[in-house]
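To keep things clear, I will list the structure first and then write my remarks on it.
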Amino acid sequence: MTYQNLLIEKKDAVAIVTVNRPDKRNALNDRTMEELDGVFTDLGADPETGGVILTGAGDKAFVAGADIGELSTQSPVQGKERSIRGQRILDKIENLGKPVIAAVNGFALGGGCELAMACHVRIASENARFGTPEVKLGIMCGYAGTQRLARLLGKGIALEILLTGEMVEAREAHRIGLVNKVVPQDKLLAEAEALLRKMLANGPISLRFTLEAVNAGLEMPFAQAQYLEATLFGLICTTGDMKEGTKAFLEKRPAKFQGK
Ligand code: COA
């Protein structure tokens, strides 16, 4: 697939995906969503890629939402289809099986906030602003924002953000748990990469199964989720990585994981 609206950079196991429509504040038009679908399918299947950083081009926006021009003319049937398609693409990111870090370098509004929430961890620059201004446009979240925001922050804070449509500054986003860390803008990508590399130093199957246990487990009753965890724990005991990781500890040397 040729990408018009994304930049892809690979630095050994780290892939950096940049939404690249800075003149439109990186708004997600249909083409960009299709490209995100394509790139995350490829990165998920790419054995060389251990994890992904997702960011926006320029110093103003991560992603300022779905493309309002396209939304303005949609029929009810198109609106429902666009929502389902977007939800599916964000689900693909959440369930990639590899860590995905959002490096939020400015406005993360509407679909941009939803996209950041589909990532596993969010690091924000000091100028980042989060929000779901859809209600100001007479619409509502359609890329699972009503669900992820409530799960991430709790119902009360999520509803305040969802119903006012007001923006939340980076420090406040950190205080309420919407982002993991706030850093100066010129350090954002380096911080995101350093965090991702810490994760990638661990066993890739450990990362995959942990993501699966958290993602799938949170949707289950507690007892069933614990059973899923125990089953994955049993399965991981069959891996070479388990043998290598425990042996390396006992031999007082760093582990060399093969992801097998
Ligand atoms: N969809 C389509 N175009 C968008 C957009 C979006 N979500 N967000 C910004 N743009 C476009 C603007 O229309 C403008 O295009 P133009 O230069 O052709 O007129 C360009 O990006 C720059 O936007 P501008 O508003 O001038 O930049 P700003 O820095 O002053 O403000 C925002 C940035 C993000 C605060 C403002 O653009 C905004 O409120 N965008 C909409 C956010 C939103 O409601 N998102 C939810 C959508 S469902």
Report yes if Glu48 is out of contact with any helix residue (DSSP H, G or I) (no Cβ under 9 Å at 6 or more places or on another chain), in a helix (DSSP H, G or I) and either among the basic types (Lys, Arg) or surrounded by fewer than 16 Cβ atoms within 10 Å (Cβ to Cβ) (or both), otherwise no. no
Enumeration of residues in the range 110-132 that are more than 15 Å from the ligand (Cβ to nearest atom), crowded, with 24+ Cβ neighbours inside 10 Å and of a type in the set (D, E, K, R): Arg122
Residue by residue through the range 67-109, note down the ones that are within 13 Å of the chain's Cα centre (by Cα), free of Cβ contacts under 8 Å to residues at least 60 places away in the same chain and within 15 Å of the ligand (Cβ to nearest atom). Gln87, Leu90, Ala108
Does Glu114 satisfy the condition of being farther than 17 Å from Asn5 by Cβ and in contact (Cβ under 8 Å) with a residue 12 or more places away in the chain? yes
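For every residue, the table says whether it meets (1) among the β-branched types (Val, Ile, Thr); (2) more than 16 Å from the ligand (Cβ to nearest atom).
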{"site": "Ile139", "(1), (2)": "yes, no"}
{"site": "Ala144", "(1), (2)": "no, no"}
{"site": "Leu149", "(1), (2)": "no, no"}
{"site": "Ile157", "(1), (2)": "yes, yes"}
{"site": "Lys198", "(1), (2)": "no, yes"}
List every residue pair whose Cβ atoms sit under 8 Å apart, with the two residues 6 or more apart in sequence or on different chains, where the first one lies in the range 244-260 and is surrounded by 14 or more Cβ atoms within 10 Å (Cβ to Cβ) and the second, anywhere, is among the acidic types (Asp, Glu) and assigned to a helix (DSSP H, G or I). Ala255/Asp241; Ala255/Glu244; Phe257/Asp241; Phe257/Glu244; Gly259/Asp241
Unmet requirement for Val17, which otherwise passes all of (1) at pLDDT 95 or above; (2) not in a strand (DSSP E or B): (2)
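The values are calculated or read from the model by the stated rules, or taken from the named source; none is laboratory data. If you're wondering where the values come from, they're calculated on a predicted model, not measured in any experiment. Backbone-built Cβ (ideal geometry, glycine too); neighbour counts: all protein chains shown.
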